[in-house]
1. What residue, among those in the range 467-526 that are under 17 Å from MET543 (Cα atoms), of a type in the set (D, E, K, R) and over 31 Å from the mean Cα position of the chain (by Cα), is most open to solvent (accessible area, probe 1.4 Å)?
2. When you scan the range 486-593 for helices (runs of 4 or more DSSP H) that lie fully inside it, which ones turn up with 2 or more residues that are without any contact (Cβ under 8 Å) to a residue 12 or more places away in the chain?
3. Tell me which residues, restricted to the range 136-188, are open to solvent by 60 Å² or more (accessible area, probe 1.4 Å), in contact with a Lys or Arg (Cβ under 9 Å, 6 or more places away or on another chain) and of a type in the set (A, V, I, L, M).
4. For LEU1019, all conditions in the list (1) in contact (Cβ under 8 Å) with a residue 40 or more places away in the chain; (2) touching a Lys or Arg at 6+ places or on another chain (Cβ under 9 Å); (3) open to solvent by less than 40 Å² (accessible area, probe 1.4 Å) hold save one; what is the number of the exception?
5. Pick from ASP769, ASP758: which is free of Cβ contacts under 8 Å to residues at least 12 places away in the same chain, assigned to a helix (DSSP H, G or I) and under 17 Å from LEU726 (Cα atoms)?
6. Among (1) more than 35 Å from the chain's Cα centre (by Cα); (2) open to solvent by less than 20 Å² (accessible area, probe 1.4 Å); (3) more than 17 Å from GLU932 (Cα to Cα); (4) in contact (Cβ under 8 Å) with a residue 24 or more places away in the chain, there is one condition GLY855 misses while meeting the rest; what is its number?
7. Could you check ASN166 against (1) in contact with a Gly (Cβ under 9 Å, 6 or more places away or on another chain); (2) part of a loop (DSSP other than H, G, I, E, B); (3) at pLDDT 90 or above and say which number it fails?
8. Are there any helices (runs of 4 or more DSSP H) wholly within the range 63-141 with 1 or more residues that are farther than 24 Å from VAL175 by Cα and assigned by the TED database to the domain that holds SER162, and if so which?
Amino acid sequence: MAAAAAEQQQFYLLLGNLLSPDNVVRKQAEETYENIPGQSKITFLLQAIRNTTAAEEDGNNQWPEGLKFLFDSVSSQNVGLREAALHIFWNFPGIFGNQQQHYLDVIKRMLVQCMQDQEHPSIRTLSARATAAFILANEHNVALFKHFADLLPGFLQAVNDSCYQNDDSVLKSLVEIADTVPKYLRPHLEATLQLSLKLCGDTSLNNMQRQLALEVIVTLSETAAAMLRKHTNIVAQTIPQMLAMMVDLEEDEDWANADELEDDDFDSNAVAGESALDRMACGLGGKLVLPMIKEHIMQMLQNPDWKYRHAGLMALSAIGEGCHQQMEGILNEIVNFVLLFLQDPHPRVRYAACNAVGQMATDFAPGFQKKFHEKVSNESADTQTLRRGMAFENVCVCDFISQVIAALLQTMEDQGNQRVQAHAAAALINFTEDCPKSLLIPYLDNLVKHLHSIMVLKLQELIQKGTKLVLEQVVTSIASVADTAEEKFVPYYDSFMPSLKHIVENAVQKELRLLRGKTIECISLIGLAVGKEKFMQDASDVMQLLLKTQTDFRDMEDDDPQISYMISAWARMCKILGKEFQQYLPVVMGPLLKTASIKPEVALLDTQDMENMSDDDGWEFVNLGDQQSFGIKTAGLEEKSTACQMLVCYAKELKEGFVEYTEQVVKLMMWHFMCDALIKAIGTEPDSDVLSEIMHSFAKCIEVMGDGCLNNEHFEELGGILKAKLEEHFKNQELRQVKRQDEDYDEQVEESLQDEDDNDVYILTKVSDILHSIFSSYKEKVLPWFEQLLPLIVNLICLHRPWPDRQWGLCIFDDVIEHCSPASFKYAEYFIRPMLQYTCDSSPEVRQAAAYGLGVMAQYGGDNYRPFCTEALPLLVRVIQSADSKTKENINATENCISAVGKIMKFKPDCVNVEEVLPHWLSWLPLHEDKEEAVQTFNYLCDLIESNHPIVLGPNNTNLPKIFSIIAEGEMHEAIKHEDPCAKRLANVVRQVQTSGGLWTECIAQLSPEQQAAIQELLNSA
């Protein structure tokens, strides 16, 4: 990618030299120009034209001679001129500017005429590519798709013909259309799919062509799943093709004992088929795919040829993510069945079985581990049917964790097959790292003993034979187990540490760098697991080993795997040693800052450039639409992320001990240098997962840094971006409604739309988070800035909006009331009526947001809010007293209503009859689900008790047993943390009663044993 940009730049310089007055320079340029291959020369020239003045920004074509040449040439008898015209049109489909509509029929005739040229295959190929480029350049013009639909048969014929002339360029264009404008294919979708299926299955074509043909169908499963689901016959025929590709494996005598793991050959049919199956299962969903594939897999697993059994197991691994919901009910049977293949006679089948177990442990975690801890009974009829369909009716269901661990440990002892042993260890890592500690502990002793014996054996093999592949994975397995077991690993510490230290000390050869790095990671994770007291006996030795490695960093290559392991290990050592780690900072900070300073290479490319660069390793692309993609070279990014996390760790653990490095770190990654970039990233980041993290981080930064962290320019830019996000939110909702009217709309489309909606709502929550941090930091002085967003927030709480919109719109107004009162009353006309109305909404989330708003209105609002507090009370009581108010889905909303009633009585007592309401309020306590509101209510209860309020205490303190019960229930539900001042107030209330013997006895006697224990726990802890 970078190389192509550089070549284009050199071509611009060459063009300049061709016009040079210096004869020598010009002559050299002419010779260089003549030596450029024809195709490259055309591409470079067209790129140069595209980047100058062929079409101005207003769409006016400023080069009429170019259009005349195009039309004249395409009608010429000279094949070379026709090829040149099509080259221009293919490279520059927007050449017509705003005159395109005028010339549309001419363009269509031109392409049809060229596509029907039977004498010159090159003309047909170029016209097909030009057609694709034109369609892609008009990806949002649905009317144009219909107008050009009758070019598709000719285009598909060109795809077919060019493939058999060993040219896959038109097939690549078809993949692009499937990816970007799949709707264009709808009128001839059956023909497109049949052609793709035919080419995929034709073994006379080369592997790349067959894979590209499969890519058309797979891409459509992702971009037009609903369209493809209507062609189940094609899907049913495609699945065996993918499985057949997965069987395309070569015999390799050296495979079993290779000591280096080679990267997957992504050009191989086996890898391509597996990837395609994974993507299709995710795209079309397990409801369609699983019933179609299950019989094929079962037949493959019973095939005497190992390649089929291998492919069947890899297929099971591949479909786990897409068929998650459908496989979950029979997962225990599937895993038990797969475990049988860990004893298959062929090592590569055993390897595939390890892969399946490891992949499912990841895809279905943590339910995988939890589910298999228990015996399964009372299966549903659906599960029994599925199990029979997958031929699992005879599989025993028992204690899966024990079975899985035992089977993998046995496979790890598969001497003579290193690759199998190593992959069994990798599967064990997948299993243990997501296994809850409580479930792993019963099996820990057996697991650790086996790992130790295997480690000792493999260490001997390393010394005697130099083999290290299995040892690398075993060391990581030990680290994963220790990380999960934590302090329960202490009894095994002394068995492992001497050997691990020996590896770090002696594995200094270049080929052992990965083993050494993984061992360093293992030692640091064990140290963190067992704690400082146990680890201190080896801390000095370990630190010396790390220091020796660190001083050799200068000689390490940039891609040395030890670097990332070292960076993480130092941070763990910092956590273990605390302040004692400060002495090592001068050694560790240099490489850490260097890694944290990595600047990734990025580029903005059009489709043509991206196609040229797609083979460049390490680049990932995000399609931005309009035939543009954003590319980023990902090499080093993970290490950079880790390094930044480590800097945070050092600063947090060492505090003032880190002061010497604060300036360097601030320049590298702190607020003054990050703020602009963060705000811009919120506006431009296309990936919703990344965007939500950026927005969350930005909100937390404002929250921590407070008033003054944003300047006027920041506010101006941020306001525009947040406005755009909210407008996009509404637009996306409208687009989803349009999709629900589409002829391809079905149940799976609705699931996809729901996922999109969930993503949008999640981004909306982050908008709310940012506004919350701004309101809490800047208070009422930010309100004038907020007014640009006000109409959009008001729109969120309109009655016709979906409940998440109303929930988060109310949350934003809650913040306005809480942090900007009494000035907030200026906007009360927009939110008061909806807030009161939504207190009784059918959605508990909306009720909760409304009730919280009414509570903070009483607490922070000025006198202007008094009448609305009075009006709110009966609405809140209605919710609290409804029959289902304490159900799981309603409890949080109800507790916010109870808290709001308490706040009205506490902060606006003249708005309600406190004496009448207070007995009811006491009967609703305690709160225990919403911890923040629980603290508020318990504090108010303490206020009332400490002031000897007669209604609360009752005549002759008769209400005290009830109060004790409330306090005990709160303690039992951990409603208040013991370090909270409120806990101390409650404990003091209890202690005060404790001094009056008879009353104390009476109160305690009316409590259950559990409540009495809770009271004692409070007294002991607070």
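The values are calculated or read from the model by the stated rules, or taken from the named source; none is laboratory data. Here the structure is a predicted model, which is why all the values come from computation and not from measurement. Positions of Cβ are generated from backbone atoms using ideal geometry, with glycine treated the same way; all protein chains shown enter the neighbour counts. For the accessible areas, the whole protein counts, side chains as well, though only heavy atoms, and no ligand, DNA or RNA atoms are used. Shrake-Rupley method; radii C 1.70, N 1.55, O 1.52, S 1.80 Å.
1. GLU505
2. Values: elements: 493-506, 513-530, 532-551, 562-577.
It comes to 493-506, 532-551.
3. Result: VAL142, single match.
4. (1) is the only condition that LEU1019 fails.
5. Values: ASP769 fails: free of Cβ contacts under 8 Å to residues at least 12 places away in the same chain.
Step by step, each of ASP769, ASP758 is checked, and only ASP758 is free of Cβ contacts under 8 Å to residues at least 12 places away in the same chain, assigned to a helix (DSSP H, G or I) and under 17 Å from LEU726 (Cα atoms).
6. (3)
7. With (1) in contact with a Gly (Cβ under 9 Å, 6 or more places away or on another chain); (2) part of a loop (DSSP other than H, G, I, E, B); (3) at pLDDT 90 or above applied to ASN166, the lone miss is (1).
8. Working: elements: 64-74, 79-91, 100-115, 121-137.
Result: 64-74, 79-91, 100-115.
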